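The block underneath contains the structure these notes are about, expressed in structure tokens.
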Amino acid sequence: MPTNFTVVPVEDTPIANADYDGEILKEEDKEEPHTAAGHYSGDETPRETCSLISTDHDDSIYGINMALYEDEIDSTPMVSSLLNKLANYTNITQGVIEHEKAESEDGIQRVPVNGPQMGTFIGVFLPCMQNILGVILFLRLTWIVGTAGIMDALAIVFMCCSCTMLTAISMSAIATNGVVPAGGSYYMISRALGPEFGGAVGLCSYLGTTFAGSMYILGTMEIFLTYIMPNAAVFKAGTGEPNGMQNNMRIYGTCCLAIMVLVVFVGVKYVNKLALVFLSCVMLSIMAIYAGVIQSAIKPPDSQVCLLGNRMLQNSMFDKCQKTEVINNVTTPTKLWTLFCEGDLGNATCNEYFTQNNLTVIQAVPGLLSGVISDNMWAHYGKYKTIVEKEGKSSEPASDKTSEMPYVFNDITTFFTLLVGIYFPSVTGIMAGSNRSGDLRDPQRSIPTGTIMAIATTSFIYISCVVLFGACIDGVVLRDKYGESVNGSLVVATLAWPSSWVIVIGSFFSCCGAGLQSLTGAPRILQAISRDGIMPFLQVFGHSKSNGEPTWALLLTAAICEIGILIGSLDNVAPILSMFFLMCYLFVNLACAVQTLLRTPNWRPRFKFYHWSLSFLGMSLSLSLMFVSSWYYALVVILISGCIYKYIEYRGAEKEWGDGIRGLSLNAAQYALIKLEEAPPHTKNWRPQLLVLLKLDSDLGVKHPRLLSFTSQLKAGKGLTIVCSVLEGTYMARENIKAAMAKEKTKGFCHVVVSSNQRDGFSHLIQSAGLGGMKHNAVLMAWPANWKQSESNLSWKNFIETVRETTAAHQALLVAKNIDSFPTNQERLGVGTIDVWWIVHDGGLLMLLPFLLRQHKVWRRCKMRIFTVAQMDDNSIQMKKDLQMFLYHLRLDAKVEVVEMVRYNFDQHKLKINCNSHATLNDKATPTSDRVHMTWTKEKLISERNRLREANMTVRDIFSMKPDQTNVRRMHTAVKLNKVVVNKSQGAQLVLLNMPGPPKTQGGDENYMEFLEVLTEGLNRVLLVRGSGREVITIYS
């Protein structure tokens, strides 16, 4: 009968001294270094480190209470140490390259700047409002309503606003799926779809923002030269001839661009200081419009328009809408008469149309209650150089040279699709909130709320303005683009109250502010692309001044912006930037759709109101609007994007950002397998790719079918599964395993190896299973039940060797204990919890597994609880706050609890060895801190007796032996942890525990099994988890 030694602490110990623990640690320091720190080769995956983790540690943290985990403190830090690093984390805006460098061996990269302070209203809502409302609202919306009619104008507004709303939903999902540093849409798309798509769309976003600067500068100059100081024009435009006006726009636009570039170069802080002033101008102008609408219902403004027949005249060229007038009883011709006639009044030669038609005066703004809305419901498209005429008013036809007469002409041929391209820039600017995510107090809440509310508000403003303009202003005046019929005034200004100058001055400063914002934002997008190094020829533009201002990028932006200004026409520039922004929005929607359909484990947006169908609708709408606006511009932009994509693919720097395209390649065929071998998957694409080690019974049936059930429940991550077994001498069991997999609905591959023994067979499978990039990264196996009662020690020895081999191969290990009590796929667990005991951090697999399990219907109703252990030296209250913040950034919903473990000092005790019977060992009483069981098997006892007999030792000497103090401390850890875990989680549906590392020498294998047995005693379902050392979960997008 084997003898069982029970170690009992006693007060007076002769070996107690203050340096005892230090000596033990010194002896352990002499052991061979951990293999994880060495080199790797072949198919092994190097260990990754988390940007929030530092391997620096204090030995006091790894005291007696955590002795089970002390062998691997360099690679698996205690959770208390990790949370201490989390306390120093901040999501302040960083450059993209700084963010990538933050994921380094040195841990957290502290940024010495003030923390984010802005909330939703100031940080997101107002910037989006300022960027969305602007030049098109004041300069072109009245003309669009008059030309397209209210119905077509509403269709244009609805399509464009729907596109931006759907894009904002997709962008909100991406922006709340982790921390988004500087870079805006470029960062989100490049990290979601890869560097090729990111670089192509990033440049599209950059070019769109740059041409937007051109458009705003042209709008500023149009307001200045047409409505504020028309006498400042250098070139005088001929009647109906736009070239003179375009030349003026080019000259003054270039000067304005130089001034704005100088302001931005001096310092962006001045632009930020003026932002509130510019926004105030926009809001005052909009309020003046609504006030004017109300005033028109009470008392319409006195603004008259002169018509000759049904043709509208430029009343800036005459003072009275009369052919003749009586002065001192003498009939004299008016200035208008001289424009159509030559010679004296008696024998003048007049224009035939002027002679046959009468002059009439109409109100430019009949008012809200005038009923003019019915005349403005439908479209009035016209060709280039045609006269703007009032529908429904009769006139006598006549032949005349209209181009020389003072009529109001259409300066371009108008049609529906052209108006779509001109109007779309008015709804851009929705990225303003996401671009400044680092300055927000809570970006994951502020970006969706602020952006969507801004789009909803501006959409209401645009739709209401379309209806109100059509209801208040006469249609013929609406079609007058430059206000030539109302004394050269801005058409929307005729409706404003109290003065038209509120709109003119407000729109002028609004366009100035928007231009400055574009010249500020575009160089930073280019700088972010350049610093990423994905396009070598752009490297020079990544340099900046000492204060971080992108000088070279600003100069290139100014050069491209000058190209837009030289076009000289706002209507011609607007469709160009529409193409670039629509391409950008298309890929934002594509990124969200791909991530949603892939269901990657890292895709956990806090914004829940998204769906892949909405993203596809937004993508389809963006593509449609591109071709509707201008099919040739659309083809050019797609060609440019394709060329950039191919350039980055062949010449750009290789990047692995865990993007969705790489996630798609995990499910592809040979091409994807070849691509996957180029680099290991990123943390965000990590998923359990399981090698399931099955044991068969004597009839070649599956011994633990519940292991297959648990495998299918874990496969919410859609990773690879290889179910394998080792046989001695036959190959016929493969069909039995496949049948069991089909019964348990486990999707994967079946692999059977014939080997001389199971140990070698499992070793070969761990090393060689898989193909190319489709290799397993985790091993799932069952706990060797009844290992203590087994006559052979092969079962637990094979188990420990498997643990060692997975550790050496840098693969995760999942050990399911009491696997036969795990639920089948047909069961539905009721209300319960999945308890995670996070003791050491070895990659975050413990946090990811409950999330994956809860995606399956078996575990869906279970709540997640996370327990971590605090030592005496730790601040448990602060640990809990830091852990809650960490889970918030991980987008995981879990209840957090910090368990304090009292430090137990063995130096104050004496050890006494008692001899107990075999029945004592098998006593089911829960072990306590004062009673530690260490099992000696029969073979071990006999060999020890023989050794002692040869040394002529007596029985008294045997009982005087002192056990290995390291084993005592580890058993003490197992007992203390088991007591705490059983107390908190005995009723949990599943308990996940960090699995301690195996002993470095085979001499302690049996004690290691006993440690694990004691650690999990009294728990129903247990999953021991040993991470691979690389990060499998991240807070970043």
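The values are calculated or read from the model by the stated rules, or taken from the named source; none is laboratory data. It should be emphasised that the depicted structure is a prediction, and the values quoted were computed from it without experimental measurement. As a convention, Cβ positions derive from the backbone with ideal geometry for all residues, glycine included, and neighbour counts pool all protein chains shown. Keep in mind that these areas ignore ligands, DNA and RNA; they rest on the heavy atoms of the full protein, side chains included. Shrake-Rupley method; radii C 1.70, N 1.55, O 1.52, S 1.80 Å.
Whether any residue in region 556-568 is without any contact (Cβ under 8 Å) to a residue 12 or more places away in the chain, over 30 Å from GLY146 (Cα atoms) and among the aliphatic types (A, V, I, L, M) is what I want to check. Yes; the residues of region 556-568 include at least one that is without any contact (Cβ under 8 Å) to a residue 12 or more places away in the chain, over 30 Å from GLY146 (Cα atoms) and among the aliphatic types (A, V, I, L, M). Scan region 514-524 and tell me whether some residue there is basic (Lys, Arg) and either under 18 Å from THR210 (Cβ atoms) or buried (at least 24 other Cβ atoms within 10 Å of the Cβ) (or both). Yes: region 514-524 contains one or more residues that are basic (Lys, Arg) and either under 18 Å from THR210 (Cβ atoms) or buried (at least 24 other Cβ atoms within 10 Å of the Cβ) (or both).
Within region 970-1005, restricting attention to residues that are crowded, with 22+ Cβ neighbours inside 10 Å and charged (D, E, K, R), which residue is modelled with the lowest pLDDT? Checked region 970-1005; the qualifying residue modelled with the lowest pLDDT is ARG970. The requirement of being part of a helix (DSSP H, G or I), more than 30 Å from TYR384 (Cβ to Cβ), under 15 Å from the mean Cα position of the chain (by Cα) and touching a residue at least 12 places away in the same chain (Cβ under 8 Å) is fulfilled nowhere in region 600-608; no residue meets it. Counting residues in region 200-213 that are surrounded by fewer than 24 Cβ atoms within 10 Å (Cβ to Cβ) and either under 26 Å from the mean Cα position of the chain (by Cα) or more than 25 Å from PRO448 (Cα to Cα) (or both) gives one or more.
A quick yes/no check of all residues on (1) at pLDDT 60 or above; (2) among the aliphatic types (A, V, I, L, M); (3) out of contact with any Gly (no Cβ under 8 Å at 6 or more places or on another chain); (4) open to solvent by less than 30 Å² (accessible area, probe 1.4 Å):
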{"position": "LYS655", "(1), (2), (3), (4)": "yes, no, no, no"}
{"position": "LEU664", "(1), (2), (3), (4)": "no, yes, yes, no"}
{"position": "ALA672", "(1), (2), (3), (4)": "no, yes, no, yes"}
{"position": "PRO680", "(1), (2), (3), (4)": "yes, no, yes, no"}
{"position": "LEU693", "(1), (2), (3), (4)": "yes, yes, yes, yes"}
{"position": "HIS704", "(1), (2), (3), (4)": "yes, no, yes, no"}
{"position": "GLY717", "(1), (2), (3), (4)": "no, no, yes, yes"}
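Exactly one residue out of LYS817, LYS775 is touching a Leu at 6+ places or on another chain (Cβ under 9 Å) and within 19 Å of ASN994 (Cβ to Cβ), and it is LYS817. Taken over region 376-406, the criterion of being more than 48 Å from the chain's Cα centre (by Cα), under 30 Å from ALA496 (Cα atoms) and open to solvent by 40 Å² or more (accessible area, probe 1.4 Å) is satisfied by LYS385, THR386, GLU389, LYS390, GLU391, GLY392, LYS393.
The numbered conditions (1) of a type in the set (Val, Ile, Thr); (2) touching a helix residue (DSSP H, G or I) at 6+ places or on another chain (Cβ under 7 Å); (3) under 25 Å from LYS747 (Cα atoms) are all true for VAL815 except (2). Only residues that are closer than 19 Å to ILE169 by Cβ and among the hydrophobic types (A, V, I, L, M, F, W, C) were counted across region 588-639, and they come to 19. Filtering region 413-451 to residues that are open to solvent by 40 Å² or more (accessible area, probe 1.4 Å) and under 25 Å from PHE211 (Cα atoms) leaves THR413, PHE415, PHE416, THR417, ASN435, ARG436.
Considering only region 432-444, I want to know if a residue exists there that is closer than 19 Å to MET159 by Cα and either part of a helix (DSSP H, G or I) or not basic (Lys, Arg) (or both). No. Evaluating PHE627 against the criteria (1) at pLDDT 85 or above; (2) open to solvent by less than 50 Å² (accessible area, probe 1.4 Å); (3) out of contact with any Asp or Glu (no Cβ under 9 Å at 6 or more places or on another chain) leaves one unmet condition, (2).
Filtered by the rule that a residue be hydrophobic (A, V, I, L, M, F, W, C), open to solvent by less than 10 Å² (accessible area, probe 1.4 Å), assigned to a helix (DSSP H, G or I) and touching a Phe, Trp or Tyr at 6+ places or on another chain (Cβ under 7 Å), region 461-512 gives LEU478, VAL492, ILE503, VAL504, CYS511. Does region 796-819 include one or more residues that are open to solvent by 10 Å² or more (accessible area, probe 1.4 Å), small (Gly, Ala, Ser) and in a strand (DSSP E or B)? No, every residue in region 796-819 fails to be open to solvent by 10 Å² or more (accessible area, probe 1.4 Å), small (Gly, Ala, Ser) and in a strand (DSSP E or B).
What do you reckon, is THR833 among the hydroxyl-bearing types (Ser, Thr, Tyr) and in contact with a Cys (Cβ under 8 Å, 6 or more places away or on another chain)? Spelling it out, THR833 is indeed among the hydroxyl-bearing types (Ser, Thr, Tyr) and in contact with a Cys (Cβ under 8 Å, 6 or more places away or on another chain). Among the residues of region 375-409, write down those that are touching a Phe, Trp or Tyr at 6+ places or on another chain (Cβ under 6 Å) and in a loop (DSSP other than H, G, I, E, B). The answer is TYR381, LYS385, ALA398, ASP400.
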